[in-house]
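I have placed the structure first, in the form of structure tokens, so that the comments after it can refer back to it.
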Amino acid sequence: MIKQISIILLCFVLITSCKKEDNTPKIPEISLVSISPTTLVQFEEPVNIVIGYKDLDGDLGFENPDSFALQIKDNRLEDPDWYHVPPLSPIGSNVSIQGELDIQISSLFLLGNGSEEQTSFTIKMVDRAGNWSQEIMTPQLIIKDSL
């Protein structure tokens, strides 16, 4: 009887201690923390954006400076700009990370003939496994010819 209970307990321990491999992709998450200024004179000042990031396996950023992890699109234009982000945790560490990333965009300028335009930015990130974050959009910015 004790031998049967021991075998049952051993089987229970073995079954409950086995972990199933989690193969779901670990998608990075980003959020907008801040953007400033929201009204600016063309060619005079950069736009500063702070985004929050969170990644369960810590594979955000690339060692190679020619590899780009951050995509920022001026919504007045068709094509986005790409930015290099260095690794945000040691390569191969597979740890959950979160933090903030400061981005500075060179001074904006008017595309048309008017004295004022509005735009916003659409931002997303890709990790080393090729998983894309969701897109976030900034509030509208006003670009003026002069104040």
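Considering 29, 78, 116, which residue is out of contact with any Lys or Arg (no Cβ under 9 Å at 6 or more places or on another chain) and among the charged types (D, E, K, R)?
Answer to the selection: 78.
For the stretch 93-116, how many residues are touching a Phe, Trp or Tyr at 6+ places or on another chain (Cβ under 9 Å) and outside any loop (DSSP other than H, G, I, E, B)?
Summing the residues that are touching a Phe, Trp or Tyr at 6+ places or on another chain (Cβ under 9 Å) and outside any loop (DSSP other than H, G, I, E, B) in the stretch 93-116 gives 7.
Could you list, ordered by first residue, the pairs with Cβ atoms under 8 Å in which the first is in the stretch 71-92 and touching a residue at least 24 places away in the same chain (Cβ under 8 Å) and in a strand (DSSP E or B) and the second is exposed (fewer than 15 other Cβ atoms within 10 Å of the Cβ) and hydroxyl-bearing (Ser, Thr, Tyr), at least 6 apart or interchain?
Every condition considered, the pairs that remain are 72/122; 73/122.
Assuming residue 59 fulfils every condition listed in (1) among the charged types (D, E, K, R); (2) more than 12 Å from the chain's Cα centre (by Cα); (3) surrounded by 15 or more Cβ atoms within 10 Å (Cβ to Cβ) apart from one, which condition is it?
(2)
Examine the stretch 118-125 for a residue that is part of a loop (DSSP other than H, G, I, E, B) and under 26 Å from residue 41 (Cβ atoms), and state whether such a residue exists.
yes
In the stretch 93-110, which residues are under 21 Å from the mean Cα position of the chain (by Cα) and touching a residue at least 40 places away in the same chain (Cβ under 8 Å)?
Scanning the stretch 93-110 gives 96, 97, 98, 99, 100, 101, 102, 103, 104, 105, 106.
Which of the residues that make up the stretch 42-68 are in a loop (DSSP other than H, G, I, E, B), over 15 Å from residue 100 (Cβ atoms) and either touching a Leu at 6+ places or on another chain (Cβ under 7 Å) or not acidic (Asp, Glu) (or both)?
42, 43, 46, 56, 58, 62, 64, 65, 67, 68
List pairs: first residue in the stretch 111-132 and closer than 22 Å to residue 76 by Cβ and touching a residue at least 12 places away in the same chain (Cβ under 8 Å), second residue among the β-branched types (Val, Ile, Thr) and surrounded by 12 or more Cβ atoms within 10 Å (Cβ to Cβ) anywhere in the structure, Cβ distance under 6 angstrom, at least six positions apart or on different chains.
Short answer, once both residue conditions are applied: 117/143; 118/142; 120/138; 121/72; 121/138; 123/72; 123/136; 125/30.
Identify the residue in the stretch 130-139 that is surrounded by 12 or more Cβ atoms within 10 Å (Cβ to Cβ) and not acidic (Asp, Glu) and, among all such residues, is farthest from residue 28 (Cα to Cα).
138
Quick note: the coordinates plus some simple rules give every number you see, no bench work behind them. No experiment lies behind these values; they were computed from the predicted model shown. Neighbour counts are summed over all protein chains in view; Cβ atoms, including those assigned to glycine, are modelled from backbone coordinates with ideal geometry.
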